[in-house]
Each structure stands twice: as structure tokens, then as C-alpha cells.
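Take a look at the structure below.
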Amino acid sequence: MRDMILWGVLSVSLVLILFIVFRKKIGLSWLSSLGLHLVLAALGIYVVNYSGLSGDLYIPINPTTIGTVTVLGLPGVGLLLGLKFTLFNG
């Protein structure tokens, strides 16, 4: 019974979200914008890692680091480098 209620709530939520997205006529343009930001974040981390700008520091490319750079932009790369230097190169 509990699983049925959970699936019902999830289904209703999905239908309402789709209704809002298509009613506002924003379509799926936000999805392409998000994808572009994710690719640019990964590219920014890659450039910093392999250009030698950060010395011997290396930022792994994983969902957490890419998400950080996606939200914060290029200052997020600096934040990650600072955290890596402070926490792990003490």
C-alpha cells in the first residue's frame, strides 16, 4: 500500500511539472542551456588541469566538481583549487 501511494505521488508530481513546463511555453530550452553549462564547466576544469596553471594540483572531473563549477562559474574552479590546496596539501 505504501509503495502504491509513493508511486501515485510521484506520478502526479511528474504530470504537474510537465504541465507547468509546457504551459509556460519555455519548452525544453532550459535543458539545452543546462547542458551547455555542464559542458563548459567540464571544459574549464579540463583546461585548468592540463594547462599547468595549477601546478601539481589536479581537480577530478566528477558530478560534484562539475556541479560546483556549473553553479559558481569559473570562480568555482578557483574555489575547488583553494579547497584542494588547503585540505589536502596542508
Any idea what the relative contact order of the chain is, in percent, if you count C-alpha pairs under 8 Å spaced at least 6 apart?
23
Looking at (1) 5.7; (2) 8.7; (3) 10.7, which value of mean projected area of the Cα convex hull in nm² comes from a calculation on the structure shown?
(2)
What ranking of Ile59, Ile17, Ile66 comes out by heavy-atom accessible area, probe 1.4 Å, highest first?
Ile17, Ile66, Ile59
Sparse-neighbourhood loop hits (trypsin sites (Lys or Arg not before Pro), segment 11-90; DSSP loop; Cβ within 10 Å at most 12 others) -> Lys24, Lys25
Residue span Phe88 to Met4: 0.36 nm per residue of separation minus Cα-Cα distance leaves a gain in nm of 25.6 nm
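The values are calculated or read from the model by the stated rules, or taken from the named source; none is laboratory data. A quick note: this is a predicted structure, and the numbers were derived from the prediction, not measured. Using ideal geometry, Cβ is built from the backbone for each residue, glycine included, and neighbour counts are taken over all protein chains shown. Each accessible area value is taken on the protein alone, full model and side chains, heavy atoms only, with ligands, DNA and RNA left out. Shrake-Rupley method; radii C 1.70, N 1.55, O 1.52, S 1.80 Å.
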